[in-house]
Amino acid sequence: MTLFALKILLISVFAGIVGSVLGLGGGIIVTPALTLLFGVDINHAIGASIISVIATSSGSAIAYIKDRITNLRVGMFLEIATTVGAITGAFLGAIIAPDWLYVIFGLLLLYSALAMIKKAKSELPENVEPHPLATKLKLHSHYYDKALQQEVHYNVANPYGGFGVMYGAGVISGLLGIGSGSFKVMAMDMFMKLPLKVSSATSNLMMGVTAAASAGVYLFRGDIDPRIAAPVALGVLTGATIGARIMQRLKNKTIRKLFIPILAYVAVQMIVQGLGGM
């Protein structure tokens, strides 16, 4: 293995750990690392990022599903909104300028980061009233929390709000060509009142499904370079497997403290990019 591939492998292991713990996939680290540190062409970096998201999802999904942290019903319910939104975004791309959307969604994420700060000391959602639609769709669930050493039962609130945010996330993802892991976690945490571990694990599964659906397009375009994608996939898969074990030993409020600065960073980047294009 060349030194270049080894460096990419090591960065990808770190990306896999972070992506698996926070539910953001590995792309948020892989893409800037490849372009800024290694001088990789942006198209090849995005292609490798897609592979990293699939690897993150694959590496962590088994552990999360086995321990029932992933809420499959919530994931599939929200995946409908994301998919329809992405198709809408792809059509809107030829009609409207995306700059205002960057700013609007950036402000939404910034607001969510501030709201998360207010509940940073809260371990689990409290006094969550079960929504009738969530009850009808059997979205409420439970899991065993290894950090708290107890069974956690939780209700799902405001599925309409979560669905709406995920539709918007799909639109901006299809329109601007960006990942929406931060929106997925935020929608489940802020609107549907899921425990953050459940939001993170479910986001990982959803991102893998979305990325797998679009990977063929990137492969057909020639944006996936095996010399880059192979060490990325191997590293991220290893990191995601490690991250899945780490996440289950962390408390929800610890994950929230790790998630807030990344959410704020993504929000500021989106606002700056939107304002720069006006």
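Relative to one another, the C-alpha centroids of segment 23-98 and segment 168-245 are positioned 3 Å apart. Taking θ as phi - 60° and the Karplus parameters 6.51, -1.76 and 1.60, the scalar couplings of segment 11-26 work out to 4, 5, 4, 4, 4, x, 5, 5, x, 5, 5, 9, x, 9, x, x Hz in sequence order, x denoting glycine and proline.
Which of rounded, prolate or oblate describes segment 111-174 when judged by the alpha-carbon gyration tensor and an a/c cut-off of 1.5? Verdict is oblate for segment 111-174. For segment 203-214, putting each phi into the Karplus relation 6.51 cos²θ - 1.76 cosθ + 1.60 with θ = phi - 60° gives couplings of 4, 4, 5, 5, 5, x, 5, 5, 5, 4, 5, 9 Hz, in residue order, rounded to whole numbers and with x for Gly and Pro.
Calculate the translational D of segment 51-118 in whole µm² s⁻¹ from Stokes-Einstein, where the hydrodynamic radius comes from the Kirkwood formula applied to all Cα pairs, the temperature is 4 °C and the viscosity 1.567 mPa s. For these conditions, the coefficient is 86 µm²/s. Rounded to two decimals, the Cα-based Rg/Rh of segment 173-278, with Kirkwood Rh, is 1.00. The GluC sites (Glu not before Pro) found in segment 107-169 that occupy coil by DSSP, while having at most 13 further C-beta atoms within 10 Å, are GLU126. Rolling a 1.4 Å probe across the protein heavy atoms gives the chain an accessible surface of 46 Å² per residue. Candidate cross-link partners of LYS118 among the aspartates and glutamates, defined by an alpha-carbon separation under 17 Å and a same-chain spacing of 8 or more, comprise GLU126, ASP189. In segment 137-278, a dipole from Cβ-located charges (positive for Lys and Arg, negative for Asp and Glu) runs towards its positive end, and of MET188, GLY276, SER173 it is MET188 whose Cα lies farthest in that direction.
Take the Cα of LYS146, go 7 Å toward its beta carbon, and the backbone nitrogen atoms of segment 240-278 under 13 Å from that spot belong to 241-251. Tell me, rounded to the nearest percent, the portion of alpha carbon pairs in segment 89-243 spaced more than 27 Å apart. Of the Cα pairs, 36 percent sit more than 27 Å apart. My understanding is that a pair violates if its Cα-Cα distance is over 25 Å; which of LYS146/LYS193; LYS184/LYS251; LYS138/LYS257 do that in this structure? Beyond 25 Å between Cα atoms: LYS138/LYS257.
If you rank ARG245, ARG73, ARG256 by how much accessible surface each has, with a 1.4 Å probe, what is the order from largest down? Mind showing how you got there, number by number?
Working: ARG245 175, ARG73 130, ARG256 10 Å².
From most accessible down to least: ARG245, ARG73, ARG256.
Here the chain yields Rg over Rh of 0.96, to two decimals, using C-alpha coordinates and the Kirkwood radius. In this structure the amide hydrogen of VAL152, modeled in the peptide plane, comes within under 5 Å of the amide hydrogens of TYR143, TYR144, ASP145, none closer than 5 places in sequence on its chain. Kirkwood hydrodynamic radius computed over segment 1-119 comes to 16.8 Å, based on all pairs of distinct alpha carbons.
Is it possible to state the helix-based mean residue ellipticity at 222 nm for the chain, with each DSSP H run of 4+ residues giving -39500 (n - 2.57), the sum divided by total residues, to the nearest 500 deg cm²/dmol? What is it? Present the calculation step by step, with values, prior to reporting the outcome.
On the way: 11 runs with 196 residues, N = 278.
Theoretical 222 nm ellipticity from helices: -24000 deg cm²/dmol.
Rounded to whole numbers, the Karplus 3J(HN,Hα) couplings from phi for segment 266-274 are 4, 4, 5, 4, 5, 5, 4, 5, x Hz, using 6.51 cos²θ - 1.76 cosθ + 1.60 with θ = phi - 60°, and x at Gly and Pro.
Where the accessible area of segment 176-226 is counted over protein heavy atoms with a 1.4 Å probe, how much of it, in %, is carbon and sulfur? Don't skip to the end; give the middle numbers.
On the way: 1110 of 1620 Å².
Here carbon and sulfur together make up 69 percent of the probe-accessible area.
The values are calculated or read from the model by the stated rules, or taken from the named source; none is laboratory data. Not measured: the values here are computed from a predicted model. Cβ coordinates were reconstructed from backbone atoms using ideal geometry, including for glycine residues, and neighbour counts include every protein chain displayed. Side chains included, ligands, DNA and RNA excluded: accessible areas come from the protein's heavy atoms. Shrake-Rupley method; radii C 1.70, N 1.55, O 1.52, S 1.80 Å.
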